[in-house]
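Peer 1: Here you go, one structure.
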Amino acid sequence: MSFPRLSLLVLPVVLGASLLGAGCAAPIALTVMSYGADGVSLAGTGKTATDHLISMVSTKDCAMWRILRGQKICNDRVGDHDPYQVNYSEPYRSVGEGGLSYGPPLRAAADAPASSWDAAAYRTAPNPTAAAKARALTPGEVQEVQSRLKAFGYSPGIVDGIAGPQTTAAIKRYEAARAVAPTGNTDRATLDRLRADKSKPTS
C-alpha cells in the first residue's frame, strides 16, 4: 500500500480521535469551530494556523498537508520577502466594521519598542486644556514678558498684557539670539528665561 493511500486511511482516524479526546477538556462545539477556522484558513491561504506558526518560526514556507503528497513539509521561500515580518516604523492597516483604516506607526524610532508592548501607551493622556491652563500667564505676567523683551531691544509692540503677533515675533527673535529653538510662545518657560537672563539690557 502506497504512503499517500495509507495517509488517507489514517487521517480520519487521527482527526476523529483528536475530536473525541478534546471533548474531555473542552466542549466539542469549540473543537469543531477550531477545525472549521483552520479549514477557512486552509482554503484562503493554503495553510492552517499551525502551518503559519511553523512558517514564522522556521522562516520557511511550511504546510503540513504536503506530507500527503509525499513532498517536503518546509521549503525555502522564493525571493527575500518575509510575509510574517512586521515593520513597526510604517503606518499600519486595520480592518473593522467601518472598513479599512490606517493608524500611526507603532514604533516612533527604529530602536524604540512597539507602543503596543509599552505600558506607557496604555496610560491616559493628560488633558491638554488643563495643561495649557496650568502654563498660561496672567495679563500682568504677559506685560512683564513684553517689558523685559523691550528692555533687551526686541520690540513686542504695545506693553498691554496681550500676546499678539508682535509679541510672538519679538519672542522668536529673542530666542534665536539666545540659541534657543524659536517657538514664539508667551508661556511660563519664556517668562522664566527672561527673568533669569543676566544679559545687559539695551535701554
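The values are calculated or read from the model by the stated rules, or taken from the named source; none is laboratory data. Since the structure is predicted, the reported quantities are computational estimates derived from the model, not experimental observations. Neighbour counts run over all protein chains shown; Cβ positions are idealised from the backbone, glycine included.
Peer 1: Residues being in a loop (DSSP other than H, G, I, E, B) and surrounded by 14 or more Cβ atoms within 10 Å (Cβ to Cβ): count how many of those fall in region 165-189.
Peer 2: Residues meeting the conditions: 6.
Peer 1: Out of all the residues in region 38-47, is one or more of a type in the set (Ser, Thr, Tyr), out of contact with any helix residue (DSSP H, G or I) (no Cβ under 9 Å at 6 or more places or on another chain) and at pLDDT 75 or above?
Peer 2: no
Peer 1: While we're on this one: May I ask you to list the residues in region 187-203 that are of a type in the set (Val, Ile, Thr) and modelled with pLDDT of 90 or more?
Peer 2: Correct list: THR190 only.
Peer 1: Could you grab me the full set of residues in region 45-84 that are of a type in the set (Asp, Glu) and in a loop (DSSP other than H, G, I, E, B)?
Peer 2: ASP76, ASP80, ASP82
Peer 1: Tally up the residues in region 45-59 that are in contact with a strand residue (DSSP E or B) (Cβ under 7 Å, 6 or more places away or on another chain) and loosely packed, with under 13 Cβ neighbours inside 10 Å, please.
Peer 2: Total meeting the criteria: 1.
Peer 1: Out of region 139-156, which residues are assigned to a helix (DSSP H, G or I) and either of a type outside the set (Val, Ile, Thr) or outside the structural domain of GLY184 (by TED's automatic domain parsing) (or both)?
Peer 2: PRO139, GLY140, GLU141, GLN143, GLU144, GLN146, SER147, ARG148, LEU149, LYS150, ALA151
Peer 1: Looking only at region 137-161, filter to residues that are surrounded by 14 or more Cβ atoms within 10 Å (Cβ to Cβ) and among the hydrophobic types (A, V, I, L, M, F, W, C); which one of those is nearest to ARG195 (Cα to Cα)?
Peer 2: VAL145
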